[in-house]
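What follows is a set of notes on a single structure, which appears directly below.
The values are calculated or read from the model by the stated rules, or taken from the named source; none is laboratory data. Please read all numbers here as calculations on a predicted model, not as lab measurements. Cβ placement follows ideal geometry from the backbone for every residue including glycine, while neighbour counts extend to all protein chains displayed.
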Amino acid sequence: MKSVTNVIEVSNLTKRFGRLVAVDNVSFAVREGEIFGLLGENGAGKTTTLEILEGFQKPDRGTAQVLGANPHSAHRDWRDQIGLVLQESDFDPVHTVTETVRLFAGFFSHPRGVAETLELVGLADKANERVGRLSGGQKRRVDVALGIIGNPRLLFLDEPTTGFDPVARVDFWSVIEGLSASGTSIVLTTHYMEEAERLCDRLAIMARGQIVAEGTSSTLISEMGATTVRFEMPPGLDPSALCALTRANFVVRDNMATALLGSDLQGVLLRLITWAASHDVTLHRLEVLRPSLNDVFLGATGGER
Amino acid sequence: MRYLRLTGAQALYNLRAYVRSARTVLLGLIMPVGLLVILSWVFAHQGAIVAAAGYPISAIAFYAGGLTAYGLMLGTFTGVMVAVVSAREAGWLKRFRASPMPPGAYLAGQIVFNVIVSIALVVVMVATATVVYGLRPRPVPLVAVGCYTLLGVFCFTAIALAITRIVTTAEMASSAGPFATITLSFTSGVFLPPNLLPHWLVTTSNYLPLEPLAQSMQSALATHAATGFQGRPFLVLGVWGVIAFVAARWTFTWQPLRK
């Protein structure tokens with residue numbers, strides 16, 4: 001049996017900037033080979049957490065072990081195994097894509113080939129184009145190329161697909177999946193739920209500096225997500241009567257009745273359908289919606305969207 | 001070996017950007033030569049100019065030496081400041097810091113690049129003065145000019161690094177550099193002979209880095225220069241350079257400065 005090692009172990013991490021507690025007593029672990037997602041709204045503490053793991057910030061309290069070392073005092077050999085894609089960066093426009101990536105390749109002891117890397121991020125046909133002439137999405141791929149050129153064991157991606165069009169985003173996801181399949185451990189932050197659901201083996205949701213939920217997206221959905229039931233209010237039924245007969249908390253707005261249901265879903269539906277059948281009422285536009293990660297996210301962060 | 005290779009790669013990267021950008025070539029190389037041509041033409045009838053060394057030297061030696069020092073400061077001081085500030089604000093320094101590249105290789109790459117550009121400037125300036133205006137430089141003083149060039153690059157690189165903490169944008173850097181250089185050039189006997197300036201201004205300039213560099217280059221290019229070597233520029237520029245490097249060591253930041 002293959003033993004599972006953790007590439008990252010974080011316990012009770014706290015970081016303050018003045019009176020703001022950016023990261024508040026956060027603990028989690030990332031296993032070798034997995035894609036771990038940090039979700040949260042802007043200002044939730046994701047980037048600060050990443051910066052501590054990358055060695056840029058020193059925590060006020062708690063410990064972070066990344067590839068077995070304290071990132072803040074780690075040696076050059078440690079950096080040889082880390083790749084990062086920052087939230088924003090810019091390039092000197094006069095260099096070509098190949099020249100830019102080659103400069104970084106020289107820093108690492110076992111870099112990937114430049115051509116192979118450009119192939120991997122989908123920039124092979126732009127290899128000799130000056131960086132200044134690339135589109136926003138193509139520049140972001142250069143960013144990713146710089147992140148993976150060193151053949152990292154652990155890759156940090158800070159909101160990698162912000163500003164991508166939908167096609168570019170789906171292409172990018174397959175790049176990340178390819179890297180993961182080749183054994184790279186990946187930590188990514190995002191505020192796109194479908195991205196987290198598609199890519200992440202496990203994820204943690206952050207709000208106000210704390211981790212408010214953690215697990216695989218399917219466990220989070222089944223534990224925290226609520227199924228939505230809605231239909232058009234039939235004439236002659238008032239909201240309080242509806243709630244009484246179904247024993248569920250329906251809200252009526254614009255003539256649509258909506259309820260969020262957990263384990264009692266089957267009972268509520270049974271009472272509702274039985275009532276409709278016995279009163280010869282048709283429930284127009286009846287829908288049962290499976291919970292999404294977005295619902296979990298909104299429930300966990302207390303946000304509105 | 002690895003250190004040398006990385007330094008070379010950084011220097012090459014900078015050189016490529018330099019030759020591909022019309023602005024840097026214009027500012028660093030063509031403008032000093034253009035000023036040499038114009039000022040030598042305007043002041044040719046003056047014959048000898050009293051330089052700070054205390055003895056009169058020819059107008060061409062005065063302008064060739066002074067404008068080389070001016071071009072060196074403009075190129076190195078502005079260049080390092082713009083390069084470092086824009087690399088920092090673009091997140092490049094942060095990436096460098098997170099990579100296994102030794103930070104010293106980045107710095108060494110900047111210095112090597114500026115030495116190459118400054119030597120090119122010296123060669124073009126001295127060649128123009130020699131071929132067009134009949135300057136007769138002698139070999140040993142030319143070696144002295146080479147040493148002053150290295151000294152100047154060291155000093156202005158250090159000062160540029162030390163103030164990157166205050167200069168927060170590349171835009172600010174690209175105007176602060178020429179502003180400081182042109183202002184100092186007026187007080188340091190580059191554009192105007194120092195005997196036209198008030199005494200206190202000349203004395204003050206003697207302790208700032210441009211004047212000793214300009215004056216020593218002017219003297220070394222004059223026909224009666226002995227060896228061209230002087231102690232004062234090494235002392236003044238050396239002290240400025242060392243203090244600035246120590247300050248830079250303390251205040252330097254790899255992270256973008258957030259407003």
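If you go through the range A:57-72 and pick out every residue that is free of Cβ contacts under 8 Å to residues at least 12 places away in the same chain and either surrounded by fewer than 15 Cβ atoms within 10 Å (Cβ to Cβ) or out of contact with any helix residue (DSSP H, G or I) (no Cβ under 7 Å at 6 or more places or on another chain) (or both), you end up with 2.
Of the residues making up the range B:54-106, those that are outside any helix (DSSP H, G or I) and closer than 23 Å to residue B:177 by Cβ number 2. Taking residue A:159 as the residue in question, decide whether it is closer than 21 Å to residue A:91 by Cα and surrounded by fewer than 17 Cβ atoms within 10 Å (Cβ to Cβ). No; evaluated as a whole, the condition is false for this residue. Taking the conditions (1) free of Cβ contacts under 8 Å to residues at least 12 places away in the same chain; (2) more than 12 Å from chain B (Cβ to nearest Cβ); (3) surrounded by 16 or more Cβ atoms within 10 Å (Cβ to Cβ) in turn, residue A:40 satisfies each one other than (1). The residue that is farthest from the other protein chains (Cβ to nearest Cβ), among those in the range A:75-88 that are surrounded by fewer than 17 Cβ atoms within 10 Å (Cβ to Cβ) and over 23 Å from the mean Cα position of the chain (by Cα), is A:75. Among the conditions (1) among the polar types (S, T, N, Q); (2) more than 14 Å from every other protein chain (Cβ to nearest Cβ); (3) over 21 Å from the mean Cα position of the chain (by Cα), residue B:99 misses just one, which is (2). Can residue A:240 be described as touching a strand residue (DSSP E or B) at 6+ places or on another chain (Cβ under 9 Å), hydroxyl-bearing (Ser, Thr, Tyr) and more than 14 Å from chain B (Cβ to nearest Cβ)? The answer is no for residue A:240.
Evaluation of residue B:41 against the conditions (1) out of contact with any Leu (no Cβ under 6 Å at 6 or more places or on another chain); (2) within 14 Å of chain A (Cβ to nearest Cβ); (3) more than 25 Å from residue B:205 (Cα to Cα) shows that the sole unmet condition is (2). Being surrounded by 11 or more Cβ atoms within 10 Å (Cβ to Cβ) and on the phi > 0 side of the Ramachandran plot holds for only one residue in A:285, A:208, and it is A:208. Kindly check whether there is at least one residue in the range B:155-178 that is at pLDDT 95 or above and surrounded by fewer than 16 Cβ atoms within 10 Å (Cβ to Cβ). Within the range B:155-178 (the criterion being at pLDDT 95 or above and surrounded by fewer than 16 Cβ atoms within 10 Å (Cβ to Cβ)), the answer is no, since none of the residues qualifies. Hey, any hits in the range B:119-130 for a residue that's away from chain A (no Cβ under 14 Å), within 21 Å of residue B:256 (Cβ to Cβ) and at pLDDT 90 or above? Scanning the range B:119-130 turns up no residue that is away from chain A (no Cβ under 14 Å), within 21 Å of residue B:256 (Cβ to Cβ) and at pLDDT 90 or above.
Okay, residues lined up against (1) more than 11 Å from chain B (Cβ to nearest Cβ); (2) more than 26 Å from the chain's Cα centre (by Cα); (3) among the aliphatic types (A, V, I, L, M):
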position: A:90; (1), (2), (3): no, no, no
position: A:111; (1), (2), (3): no, yes, no
position: A:120; (1), (2), (3): yes, no, yes
position: A:165; (1), (2), (3): yes, no, no
position: A:173; (1), (2), (3): yes, no, no
position: A:181; (1), (2), (3): yes, no, yes
position: A:184; (1), (2), (3): yes, no, no
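Within the range B:79-96, is there a residue that is away from every other protein chain (no Cβ under 14 Å) and buried (at least 21 other Cβ atoms within 10 Å of the Cβ)? Among the residues of the range B:79-96, at least one is away from every other protein chain (no Cβ under 14 Å) and buried (at least 21 other Cβ atoms within 10 Å of the Cβ), which makes the answer yes. Can you tell me which residues in the range A:276-294 are more than 30 Å from the chain's Cα centre (by Cα) and closer than 19 Å to residue A:227 by Cβ? Across the range A:276-294, the qualifying residues are A:276, A:283, A:285, A:286. Taking the criterion of being buried (at least 18 other Cβ atoms within 10 Å of the Cβ), assigned to a loop (DSSP other than H, G, I, E, B) and hydrophobic (A, V, I, L, M, F, W, C), the residues of the range A:121-150 that qualify are A:121, A:123, A:134, A:149.
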